[in-house]
Amino acid sequence: DLFAWSSTDMSGIDPNLICHRLAITKKPSQSLREKEMMNAGFIHEVRYTTWLANMVLVKKNSGKWHMCVDYTDLNKACPKDSYLLPSIDRLVDGASGHALLSFLDVYVDDMVVKTTSAKFHVADLAEVFNQIRKHNMRLNPEKCVFGVQGGNFLGFMITNRGIEANPEKCRAIIQMQIHHVPREQNARADLLSKLHKAPWEASVISVNDVVDKEWMTNIWNYLQEGTLPEDKDEAQILRVRSSKFIIVAGELFKRSISAPLLKCLTKAQATYVIEEIHRGICGMHSGAHSMATRVIRAGYYWPTLKLDCKDYVQRCKEC
């Protein structure tokens, strides 16, 4: 009774639990899907304001249609949360190292039932099924997998041994063919090799000049020369703060618990990084918290990181 083989097999969820309101521009495929859902009793016609999130139908590889909601306008009208969603790396780490896994698709989002011991997996599934049955939800049988020792979760292969490389992604590199281009047919590479060997002059800027009048100065001087402020309280604060930093190859880095060493940036460098991550070639105009997380994952740090990201997003006209 938990599986729905078609839309008519779904009895519907209490609107007090969850309810999606859609303002759609009708097309033939949308009208067909709308009629199917109305016959099943999932939806009924109501009138709302025109600024609500629009529905977009995307065709699947199987030939079926998937309803996606464009939250662009809705997000602009809603206040921003002051807390972060769980990061993907924590979710993946939490799902790895278990004896058995079951992947469920509840027509809302994917769920992973994980068990440390195989003998308890049925009991864990029963607990999840009871919650699904309690709220009158149904599972998509085409996307459910039960009792496996590994699977693809958020782009990672998770097994009882931990996180492993995805064979499908590795296959492209393994099967990649390297084509040799004779030197006489590649004049550009020949010129580049000569340019690489040619002598050139460059001015060397010392690190002290770069960090001058920046937040790194006191930390750098203490780590490099042991210089401390005359005030005892300020000296103690600097000692504690400097313990989180390290100098590597003439660069100042911040130690991190969940990430590699983070390169410390000046104000000008930080501004450039924020612009590239927010609106650069790989930018996606994300929110302040998401952008700050992406900056840290990219391996950068400065004290006002979160505040600068928030200020930049608020000043972005496109956001």
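The values are calculated or read from the model by the stated rules, or taken from the named source; none is laboratory data. Just so it is clear, the structure is predicted and the values come from calculations on it, not from any experiment. Here the Cβ positions follow ideal geometry from the backbone for every residue, glycine too, while neighbour counts run over all protein chains shown.
Observations on the model:
- Filtered residues of the stretch 262-277 (kept if surrounded by fewer than 17 Cβ atoms within 10 Å (Cβ to Cβ) and within 20 Å of the chain's Cα centre (by Cα)): Glu275, Glu276
- In the stretch 114-124, the qualifying residues are those that are at pLDDT below 80 and β-branched (Val, Ile, Thr), and the one that is surrounded by the most Cβ atoms within 10 Å (Cβ to Cβ) is Thr115.
- Among the residues of the stretch 24-41, those identified as modelled with pLDDT under 75 and surrounded by 13 or more Cβ atoms within 10 Å (Cβ to Cβ) are Ile24, Gln30.
- Considered as a group, the residues in the stretch 232-261 that are within 17 Å of Val295 (Cβ to Cβ) and aliphatic (A, V, I, L, M) include one that is surrounded by the most Cβ atoms within 10 Å (Cβ to Cβ), and that residue is Leu252.
- Of note, Ile163 does not satisfy the criterion of being within 20 Å of Asp124 (Cβ to Cβ), at pLDDT below 75 and not in a loop (DSSP other than H, G, I, E, B).
- The helices (runs of 4 or more DSSP H) found wholly in the stretch 202-319 and carrying at least 3 residues that are touching a strand residue (DSSP E or B) at 6+ places or on another chain (Cβ under 7 Å), modelled with pLDDT of 85 or more and outside the structural domain of Thr72 (by TED's automatic domain parsing) occupy 217-225.
- Take the conditions (1) modelled with pLDDT of 80 or more; (2) outside any helix (DSSP H, G or I); His180 misses just one of them, which is (1).
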